[in-house]
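Visitor: First, the structure itself, so that you have it in front of you.
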Amino acid sequence: MSTLETTPRLADNLRLLAASQLQIQAARSVALDGGALGVMAVDAGVAAIVIGTRGAYDLWIVALVLLGLSLGLAVRALLRQSADETGPSVADMREARETKTEREMEESVLDDLARDIQINEHALARKGPLFDQALRFLVLAILVELTGRVVR
């Protein structure tokens, strides 16, 4: 814990900044989840097209494998923990009010916000690359299928 006293103005600014960061992280998490659902839908659509046309030189099998990898990674991204920690509980703060001074509560709130921001950042750091890989495999599967159609 810091030995310097946090002024009320600084604490208010830090709380506003933390709230903004938590909102941005939650929005990024929702965007990644929506993107993963979109990738899964496109995977299914492209798989139906690939199975229906069965292109030349068995490239359609490679395309289906890539679509399966894309779908699996999108599902894993969707199942990962989302950025949903939103700061300290008001109920906990009410209970702590009886045992802590105002300064101690202020420090506790700021610590909780900082911890939640860090937790969310770790969750997004694990979810983002899975979505990126799912999207790459989807694009690669489409390119393989298109190559099979051109070769035919």
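Visitor: For Val151, indicate whether it is among the β-branched types (Val, Ile, Thr), modelled with pLDDT of 85 or more and out of contact with any strand residue (DSSP E or B) (no Cβ under 6 Å at 6 or more places or on another chain).
Guide: No: the conditions fail for Val151.
Visitor: Within the set of pairs 6 or more residues apart or between chains, which connect a residue that is over 20 Å from Leu37 (Cβ atoms) inside segment 59-80 to a residue that is outside any helix (DSSP H, G or I) and among the basic types (Lys, Arg) with Cβ atoms less than 7 Å apart?
Guide: Trp60/Arg54
Visitor: Could you pull out the residue among Ala48, Ala27, Ala44 that is surrounded by fewer than 19 Cβ atoms within 10 Å (Cβ to Cβ) and farther than 20 Å from Phe137 by Cα?
Guide: Criteria check complete, one pass: Ala27.
Visitor: Tally the residues that are crowded, with 22+ Cβ neighbours inside 10 Å, in contact with an Asp or Glu (Cβ under 7 Å, 6 or more places away or on another chain) and at pLDDT below 95, restricting the search to segment 61-81.
Guide: Count: 1.
Visitor: Quick one: Arg115 ticks every box in (1) more than 24 Å from Asp12 (Cβ to Cβ); (2) touching an Asp or Glu at 6+ places or on another chain (Cβ under 9 Å); (3) modelled with pLDDT of 85 or more except a single one, so which number is it?
Guide: (1)
Visitor: List every residue pair whose Cβ atoms sit under 6 Å apart, with the two residues 6 or more apart in sequence or on different chains, where the first one lies in segment 135-152 and is assigned to a loop (DSSP other than H, G, I, E, B) and the second, anywhere, is surrounded by 14 or more Cβ atoms within 10 Å (Cβ to Cβ) and polar (S, T, N, Q).
Guide: Here the result reads none, with nothing in segment 135-152 linked to a residue that is surrounded by 14 or more Cβ atoms within 10 Å (Cβ to Cβ) and polar (S, T, N, Q).
The values are calculated or read from the model by the stated rules, or taken from the named source; none is laboratory data. Predicted model, so just to flag it, every value in this text is computed and none were measured. We place every Cβ from the backbone using ideal geometry, glycine too, and count neighbours over all the protein chains shown.
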